[in-house]
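The next block holds one structure in the form of structure tokens; read it before the comments.
No value in this document is a laboratory result; all are computed from the given coordinates. Remember, it's a predicted structure, so these values are computed and weren't measured experimentally. Cβ sites come from the backbone with ideal geometry, for glycine too, and all protein chains shown count toward neighbours.
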Amino acid sequence: MSTTSKRSLDSQLLGRRTFLGAALGTCVGTPLARLSLVQLAASRSGSLTKERRDSMSPAQVIEELKKGNERFRTGKMTPRDYLAEKRASAAGQYPAAVILGCVDSRVPAEIIFDTGIGDAFIGRVAGNVVNDDMLGSMEFACAVSGAKVVLVLGHTACGAVKGAIDDVVLGNLTGLLARIKPAIPATEFDGEKSSKNAPYVDAVARASVVLGLGEIRRRSPILEDLEKKGTIKITGAMYDLSSGMVNFVV
Ligand SMILES: [Zn+2]
């Protein structure tokens with residue numbers, strides 16, 4: 001192999017660096033034992049490149065998020081060199097997704113999707129409610145920065161959802177919970193409709209995610225238009241605190 005073609009191959013391999021941290025062996029179909037040092041280094045360092053991000057469809061980005069969650073659930077997370085990721089991303093970022101999650105300490109999106117520095121924009125607010133600032137952040141992520149997926153991520157046993165069901169009144173929290181409340185009448189549920197009934201709380205949380213997707217499309221013509229063109233996909237999911245599983249709702 002000539003020096004030029006070797007360099008070209010290395011550059012291709014680096015360009016194919018594990019999106020969202022996927023094991024390179026899985027990514028390019030090469031058994032781990034046969035990976036070169038260059039490939040191994042690429043699998044643990046660097047950040048998502050513009051070329052790699054732009055080469056993926058929204059559906060492929062969602063698929064990579066699902067694979068990352070599977071690695072998390074099965075204890076096979078990508079070994080990471082955060083300092084290398086920091087160095088690789090300092091001059092520019094090309095995240096593939098923007099995720100709106102809850103502030104709940106048990107739902108760190110970067111960890112449950114096994115993403116690295118530079119892979120995804122993350123916005124967090126109690127109850128993962130859609131508001132103007134989050135919409136602006138999503139518009140920046142997709143229309144300016146080129147992210148392919150908008151993901152609203154709810155979760156089981158959400159305290160904000162319980163607060164909305166219980167009609168909690170507390171300072172600025174009252175206004176936040178008001179954004180969740182439309183999900184209560186929108187939830188179809190047979191059984192005790194109480195914050196003490198976990199399946200009901202989770203059903204309301206799921207309804208809130210679905211309503212949130214509608215809010216995004218209704219209140220952001222920019223994002224709705226990008227989705228109609230197929231440039232982005234707006235989707236939602238529920239994270240199960242017990243199993244670690246992310247279930248997409250649409
Ligand atoms: Zn929550």
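Remarks
- When each of LYS67/LYS233; LYS193/LYS233; LYS67/LYS181 is checked by Cα-Cα distance, pairs over 27 Å: LYS193/LYS233; LYS67/LYS181
- Summary of packing: across the peptides 146-154, 169-177, the per-residue average of other C-beta atoms within 10 Å ranks them, highest first, as 146-154, 169-177.
- Averaging the sequence gap over all C-alpha pairs within less than 8 Å and six or more residues apart, then dividing by the number of residues, gives the range 57-248 a relative contact order of 25 percent.
- Of the peptides 122-128, 57-63, 136-142, the ranking by mean beta-carbon count within 10 Å, highest at the top, reads 122-128, 136-142, 57-63.
- Fewest-first ordering of MET56, MET134 by other beta carbons within 10 Å of each residue's beta carbon gives MET56, MET134.
- Footprinting exposure proxy ranking of ASP132, ASP81, ASP104, fewest other C-beta atoms within 10 angstrom first, gives ASP132, ASP81, ASP104.
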